[in-house]
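Coordinate-derived values only; no laboratory data. Computed from a predicted model, the values in this text were never measured in an experiment. For neighbour counting, all protein chains shown are included, and Cβ atoms are generated from backbone atoms with ideal geometry for every residue, glycine included.
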């Protein structure tokens, strides 16, 4: 590496670890109004309108049932259902389980409760048998945030594989065949890619966004909503940087109302469709640092499989033979 690149700077990470001890629950000093506001900010309680309405839910014409219910289109359905094809009588039901606040106290319990929530949500559709359920486990790899540990896939995938008997799909920060091979080695049965598919020819977003992903490095993302305990990773543009400034300035007094206009989903949609990179916040992962081309989806999938097989055959087999 030194011969090719000289002496590249080494990445350094700094972190502070703080012990967390649960105190006995007491209602002393708790005001009802304040308690309601804090509970409603939890991602497991609050409205997820900004997530559910961020895209067109009728794409492909195969959506049989989406998350929206009733004449006012309230996002409260337990699961979404899509048809396998235009002439088939089969389909796929999808549901989500999320227990992030519990993870701050007990990570293992959070995982078990998230799986349980997913299964009960899926009960709204005909499951058949538990063996037909596929799980996508999605965690975030972040560092340098005192007091809030974000455990990476390198630890969480094998931890989940120990306690799950159903197929598991790894998600988060994946965009190469070598990473797919690593996920398989850690106990996953497949991979899920988000940011990588954004930078494809078929992706229904503006070319400016695709080029921004290709040109960005793994350090060109930002974490927003951290003080609100609802962290999201987005592309580091002017809006994201301003949101981070406000979060730092406000500290523990941070309120979503201070940034709600800047981070509105409608603005993010305009950025994605019209190509103004700095108009609103839009999701992009650190894996963008590994993306250097905009292939077709078919070419991308074939390359992912080729590299995965090559990694297993040419690199991992050497260790097995020895």
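When the chain is fully extended, how far beyond the present Cα-Cα distance does residue 35 get from residue 65, taking 0.36 nm per residue of separation?
Gain in length upon complete extension: 7.3 nm.
A simple spin-label model places pseudo-atoms 7 Å from Cα toward Cβ; at residue 28 and residue 108 they are separated by 3.3 nm.
Label-to-label distance for residue 134 and residue 292 is 3.0 nm, based on points extended 7 Å past Cα in the beta-carbon direction. How big, in percent, is the set of alpha carbon pairs in the stretch 265-322 lying more than 20 Å apart? Summing the P(r) of the stretch 265-322 above 20 Å gives 54 percent of all pairs. A full extension of the chain between residue 317 and residue 245 corresponds to an added length of 21.1 nm, given 0.36 nm per residue minus the alpha carbon distance. Considered as an equivalent ellipsoid built on the Cα gyration tensor, the stretch 202-294 has semi-axes of 24, 15, 9 Å, the largest given first.
Note on residue 45 and residue 214: their simple-model spin labels are 4.6 nm apart, each label 7 Å out from Cα toward Cβ.
With an a/c value of 1.5 or above and a/b larger than b/c for the gyration tensor axes a ≥ b ≥ c computed over the alpha-carbon atoms, the stretch 150-201 is described as prolate.
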